[in-house]
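**Q** Encoded as structure tokens, here's the structure I'll be asking about.
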Amino acid sequence: MIISGRHKAVFVLGLAIGIVFLSFAIRSVNFAELTAAFAAANFLYSIPFLLLFGVFYWLKAIRWAYLLEPTKVFSTRDLFAPMMIGFAGNNVLPVRLGELVRVYLLGREHGISKTLILATLILERVFDAISLLAMLILAMLLTKIDSSDLSSALVLLTSATTMAVIAVYVVARPPKWLTRIGLECRNLLPGSASQKLAEKIYQVRDGFRAVNSARQVARVVANSLLQWAALASCIHLSIIAMGVQIPAAASIMVLGLIVAGISIPSAPGFVGTIELCFVIGLGLFGIGASESLAAAIFYHVLAFASVTGTGAMFLGRYRISFSELRQEAESANLPGR
């Protein structure tokens, strides 16, 4: 696969990080114990896993419809295909280009501003952070783990989430003084550049319009909590499939680590990142590296295969490969109209 110059450095960094993370994940693993864990595993848990995993992504499509509703009403079916293609793209394309693919497909099919669509994806991340923060606080209250590192991480996540919420609110409903400053800054630019900047700002604000409705915000928050509870349940099923009994709080901790881990540059398919997050998260609860890695492999294989397979199936409708779609998305000069 040819990678453009602007993405090559990030791809190489992500690949290096994935290799380092994987080496840390397996360094304490006893491979005889790992083999024994798989030999004793109950693979019937893959059935409820896949059902809940499907619920997770279906809820994501419903939430995306909520966020887009102030601009255009979509059915969940309309959004599910481009969304799954995008997430599949994140598994097989470098530097999470699946996000651009997702934006490009929906914008092309429905004639919507790609900048506006990208703004709704930013909103998704903000609501994800809010929901995960609430779940992690609950998990820490329910568990007896006493770790200053976890407390520091929680403070950092709280601070970052608070700043993100404030930033979204300021963009969606800018105060008059900020609007005046923006207009003065625009006046310093050439006419064409000023007009283009104004268009982008209004498109982003349109993408954030869902936060102007208390009812819409409540629906999105409730949906976000449900979908992350579903994914935490998938993690829990992966753990108990290996015969390990553990409190639900441990699965939430692992989920929080995974979300944080995949937010930085990662290897394709998040190889190494997910494995290390399982080992670290379950290690806090006294679970050995071998059992933790076995649960991580169970989770990772099912998640990767189901998402990539579903995305590839939907991609068949467009009669285009992931590689060709990546090139189309990049050539669209996202974010754009």
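**Q** Show me, bin by bin at 20 Å from 0, the whole-percent P(r) of the chain based on Cα pairs.
**A** Values per bin, smallest distances first: 28, 58, 14, 1.
**Q** Quick one: dipole size for the range 5-331, taken about the Cα centre, charges +1 on Lys/Arg Cβ and -1 on Asp/Glu Cβ, in debye to the nearest 20.
**A** Dipole magnitude for the range 5-331 comes out near 1160 debye.
**Q** To continue, here is another question. What is the calculated FRET efficiency for LEU44 to ARG205, with r their C-beta to C-beta distance and R₀ = 41 Å, to the nearest 0.05?
**A** Numbers: r = 49 Å, r/R0 = 1.20.
So the FRET efficiency works out to roughly 0.25.
**Q** Between LEU255, LEU13, LEU97, find the one with the highest GNM mean-square fluctuation for the chain; connect C-alpha pairs within less than 10 Å.
**A** LEU13
**Q** So for the pair LYS196, GLN216, with labels modelled 7 Å out along Cα→Cβ, what separation do we get in nm?
**A** 2.8
**Q** Working only with C-alpha atoms, what are the Rg and Dmax values of the range 222-264, expressed in angstrom?
**A** Both quantities, over Cα of the range 222-264: 10.9, 32 Å.
**Q** Helix-only mean residue ellipticity at 222 nm, the chain, DSSP H runs n ≥ 4 weighted -39,500 (n - 2.57), per residue, nearest 500. What is it? Working shown, then result.
**A** Values: 14 runs with 256 residues, N = 337.
That calculation yields -26000 deg cm²/dmol at 222 nm.
**Q** Relative to the present Cα-Cα distance, how much length would full extension add between ILE320 and GLU124 at 0.36 nm per residue of separation?
**A** Between ILE320 and GLU124, full extension yields 67.9 nm more.
**Q** Here's something else I'd like to know. Please build a GNM for the chain, connecting alpha carbons under 10 Å apart, and tell me which residue among TYR299, TYR104, TYR318 fluctuates the most.
**A** TYR318
**Q** Here is a follow-up. Please compute the length gained on full extension between VAL20 and ILE262, using 0.36 nm multiplied by the number of residues separating them and subtracting their Cα-Cα distance.
**A** Full-extension gain reported as 85.7 nm.
**Q** Arrange ILE258, ILE246 by Cβ neighbour counts within 10 Å, fewest through most, would you?
**A** Ascending number of Cβ neighbours within 10 Å: ILE246, ILE258.
**Q** So between SER159 and GLU109, what do we pick up on full extension, going 0.36 nm a residue minus the alpha carbon distance?
**A** Taking SER159 through GLU109 to full extension adds about 14.2 nm, to one decimal.
**Q** Among GLY18, GLY207, GLY288, which one shows the highest mean-square fluctuation when the chain is modelled as a Gaussian network with alpha-carbon springs under 10 Å?
**A** Largest GNM mean-square fluctuation: GLY288.
**Q** Residue-wise, which Karplus ³J(HN,Hα) couplings in Hz belong to the range 151-165, taking 6.51 cos²θ - 1.76 cosθ + 1.60, θ = phi - 60°, and x for glycine or proline?
**A** Ordered by residue, 3J(HN,Hα) equals 5, 5, 5, 5, 5, 5, 5, 4, 5, 5, 5, 4, 5, 5, 4 Hz.
**Q** Using the Cβ atoms and a cut-off under 13 Å, what net charge is assigned to the surroundings of SER213, where Lys and Arg are +1 and Asp and Glu are -1? Walk me through the numbers on the way to the answer.
**A** Numbers: positive: ARG173, ARG209, ARG215, ARG219; negative: GLU69.
Neighbourhood net charge equals +3.
Since every read-out is calculated from the coordinates, none of them should be taken as a lab result. Only a predicted model underlies this, so the values are computations on that prediction, with no experimental measurement involved. All Cβ positions, even for glycine, are placed from backbone atoms using ideal geometry, and neighbour counts span all protein chains on display.
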